[in-house]
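First the structure, in the form of structure tokens, and then the observations on it.
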Amino acid sequence: MIGSFGMGDTLISTAALVMPGNPNLASKVLASDGGRDAVEAILRDARAHVIALLDENRPVVEALRDALLSRDELVGDEITAVINGASRATSAHG
């Protein structure tokens, strides 16, 4: 899981390197230290951005989590209703 899903010190997945026969573009880029460092920097920046988005939208994320735990599935307008409800609640309290 560490290598395949980038769950260790690096966010780079070793699965990107596996290509029998003809190496793919990802394996060519990741074969050099410079390429690996550049990809790692991009992934770390993206991770930081996602964490910031989740933090900024925590009430919506938590409302979706709670709705999914209580209903097991959300589709179409149900998703929009949960998001809108959480957004209205946040606006009223914020």
Does Gly3 fit the bill of being more than 22 Å from Ser91 (Cα to Cα), modelled with pLDDT under 95 and part of a helix (DSSP H, G or I)?
yes
Just wondering, is there one or more residues in the stretch 34-57 that are out of contact with any helix residue (DSSP H, G or I) (no Cβ under 6 Å at 6 or more places or on another chain), over 29 Å from Gly8 (Cβ atoms) and free of Cβ contacts under 8 Å to residues at least 40 places away in the same chain?
no
Residues satisfying the stated conditions in the stretch 16-44, i.e. at pLDDT below 80 and open to solvent by 60 Å² or more (accessible area, probe 1.4 Å):
Leu17, Val18, Met19, Pro20, Gly21, Asn22, Pro23, Leu25, Lys28, Ala31
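What is the residue count in the stretch 45-94 for residues that are outside any helix (DSSP H, G or I) and surrounded by 10 or more Cβ atoms within 10 Å (Cβ to Cβ)? Steps first, please.
Just the residues of the stretch 45-94 that are outside any helix (DSSP H, G or I), to begin with: 57, 72-76, 94.
The next check asks that each one be surrounded by 10 or more Cβ atoms within 10 Å (Cβ to Cβ); those that pass are 57, 74.
Residues in the stretch 45-94 being outside any helix (DSSP H, G or I) and surrounded by 10 or more Cβ atoms within 10 Å (Cβ to Cβ): 2 in total.
The values are calculated or read from the model by the stated rules, or taken from the named source; none is laboratory data. Please read all numbers here as calculations on a predicted model, not as lab measurements. So basically every Cβ, Gly included, is an ideal-geometry build from the backbone, and we count neighbours across all protein chains shown. Calculation scope for accessible area: heavy atoms of the full protein, side chains included, ligands and nucleic acids excluded. Shrake-Rupley method; radii C 1.70, N 1.55, O 1.52, S 1.80 Å.
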